[in-house]
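What follows draws every value from the coordinates through simple rules; no lab data is involved. Bear in mind that the values here come from a model prediction, so they are computed numbers and not experimental data. Reconstructed Cβ throughout: ideal geometry from the backbone, glycine too, with neighbour counts over all protein chains shown.
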């Protein structure tokens, strides 16, 4: 005797709030990874590295590594890591030179930097890509921090630039370029975690 | 050409406390030259201090202090005594024309945060302290009429009859006349 | 003569994390070019992502992904290992490390614990961040997980440890002429 078909699943009473695509990568995909390890800037005291570009169809994530060679007596320094992404400090204000500036530049001239972080970024309509968003930062102590970033929007073919500047710390505007094709190929390698379900 | 373009300045959009819940921001107050002992037990005292008058109202601090001997006692939880002790400390002001105002929130109009209430209205901006003392900034919106002005508190809650102090409201009104704007107009 | 005397400099007294709980502070890591799907059910998936390798060990994100139509359940803060996502890492030579409780080595001077050792620095309903002390030998490197509370059965996926070792070789010391001997 065959069983009656199962009733369709009830609509979940509590739907998870999904953050928009310009704030985080798609949760239902495995990224393609670009195995780059870049050093964007290095002085005798400080270094800024960038690794691990993780690409999706909607954009790419990467990790900034902020390094201080040794504790500097008398210096107030979390790299400006929290100043780096807002937290109440005006990047154009009186402490502008202490604001660690980071950005990505596409070959067609479009760019996204950390100078326009808004607390309400995840509300409102979709912004024009590219945009840059701080996802997470982790620091073991004063000497080493990892900052996880999300760039909304994929670059066009051509050079893809990563740019930093930190005037008060003797880091002039510095850029490293990679071939955007690496990112686009990695984005094409991203796969969905759940293939389309079979029809019930 | 620089890669980084500084953003345009944007004015702050923070919430401002409505004018009827705080002293005027651009005035220097007139000082009311009294400190008032409102209630006292063997172990604690309640005072009204730092009275400052403006044309729109009166600012003061409701403070509570333990007797110095209390500080020597070992305490299981140094926070607990003062939090519980002052929890039900409500203040009432009684005017010469019979009006009264109180910080008991049950007596506040429901919409006081968005709709300007008719004066007088008595508000307090939180409270803080430690076992050494507790302080709560208060604001009376609207000046009292001439005549007696009583500060009354019922504390410890429910145990003693209410106690308080009466002053001459003219002390407050004269101090309000002495308030000056920080940036004179004209 | 100035009214103010500048106070004497005070050296920072910040506690340093032990060297076996994190990557070397003066290096930029090498990247493993794959992300690993360790477990997948109809509702959940567990991903090993962001593998960044140093000569002493490697960092990664342990990511829990939920199917887009899956509602999130609020649950009490888990304090039992049974309630948490359990992870074990297995080397080809049989050595293992996991994120269970009670494995924290006692500090004893300069003695470093035997690798491998797993330290999960961030832990939450979406997974967390993990540091593994020690590099695997060549051969398969297995990540195994289970999460009974979320109906994720024991699951595993394997990576060629050669990818990790190659990434370790690409890690760079930032100030090589000042590196301590």
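Based only on other Cβ atoms within 10 Å, what is the fewest-to-most ordering of A:152, A:98?
Going from least to most buried by this count: A:98, A:152.
Under 13 Å from a point placed 7 Å out from the Cα of residue A:185 along the Cα-to-Cβ direction: which residues of segment A:44-65 have their backbone N that close?
It comes to no residues whatsoever.
With labels modelled as points extended 7 Å from the Cα through the Cβ direction, what inter-label distance (nm, one decimal) is found for residue C:16 paired with residue B:49?
4.8 nm
For the residues A:37, B:174, what sequence is obtained by ranking on other C-beta atoms within 10 Å, fewest first?
Neighbour counts put them in this order, fewest first: B:174, A:37.
Which ordering of B:170, B:102 is given by a fewest-first count of other beta-carbon atoms within 10 Å?
Ordered from fewest to most neighbouring Cβ atoms within 10 Å, B:170, B:102 come out as B:170, B:102.
Expected output is a single nm value to one decimal: the length gained when fully extending between residue B:19 and residue B:116, i.e. 0.36 nm times separation in residues minus the C-alpha distance. What is it?
34.1 nm
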